[in-house]
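So the structure is just underneath, and the comments pick up after that.
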Amino acid sequence: MENENKEKPIIVDLGQREDVPRPELDPQKLLSFAQQILMVLVLLMFLACGVLLRWPGSKEAQTIFEQARTILPPMVTLVLGFYFGGRHSR
C-alpha cells in the first residue's frame, strides 16, 4: 500500500533522436572559419610585439607581451586540435 502512494520516477532519454536532423558541416567552411580565427590570433600576437617594440622600457608593454605569449599559443592549439583532431572522429 505504501508503493501505491509513491509517484513513478520520470525517465528522460538523453540519447540522439532520429527525427531531429543534424546540421551538415561543410569542411571548406570549417577550414575557412579556422583560418579566420588563427589570423586574428596571429594579428593579436603581432600587436603585442609591436607594443613591446614601440615602448621597450614600459612595464605595461612587457605585461601585454607576456599575457599574449601565455594566452595565445594555447588558443591556437585549441583551434588546430578541433579542426584536425576532430576530422578523424567524423
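None of the figures in this text is laboratory data; all of them are computed from the coordinates on show. A quick note: this is a predicted structure, and the numbers were derived from the prediction, not measured. Reconstructed Cβ throughout: ideal geometry from the backbone, glycine too, with neighbour counts over all protein chains shown.
Of note:
- Estimated FRET transfer efficiency when R0 is 35 angstrom, pair Arg54-Gln28 (beta carbons, to 0.05): 0.35
- Convex hull (Cα only) mean projected area of the stretch 26-90, reported in nm² to one decimal: 4.4
- Order of Glu24, Glu66 under a 10 Å beta carbon neighbour criterion, fewest first: Glu24, Glu66
- Ordering Val40, Val79 by the number of other Cβ atoms within 10 Å of each residue's own Cβ, fewest first, gives Val40, Val79.
- Karplus-derived HN-Hα couplings along the stretch 59-71 (A = 6.51, B = -1.76, C = 1.60, θ = phi - 60°), whole Hz, x at Gly and Pro: 5, 5, 5, 5, 5, 4, 5, 5, 5, 5, 5, 7, 8
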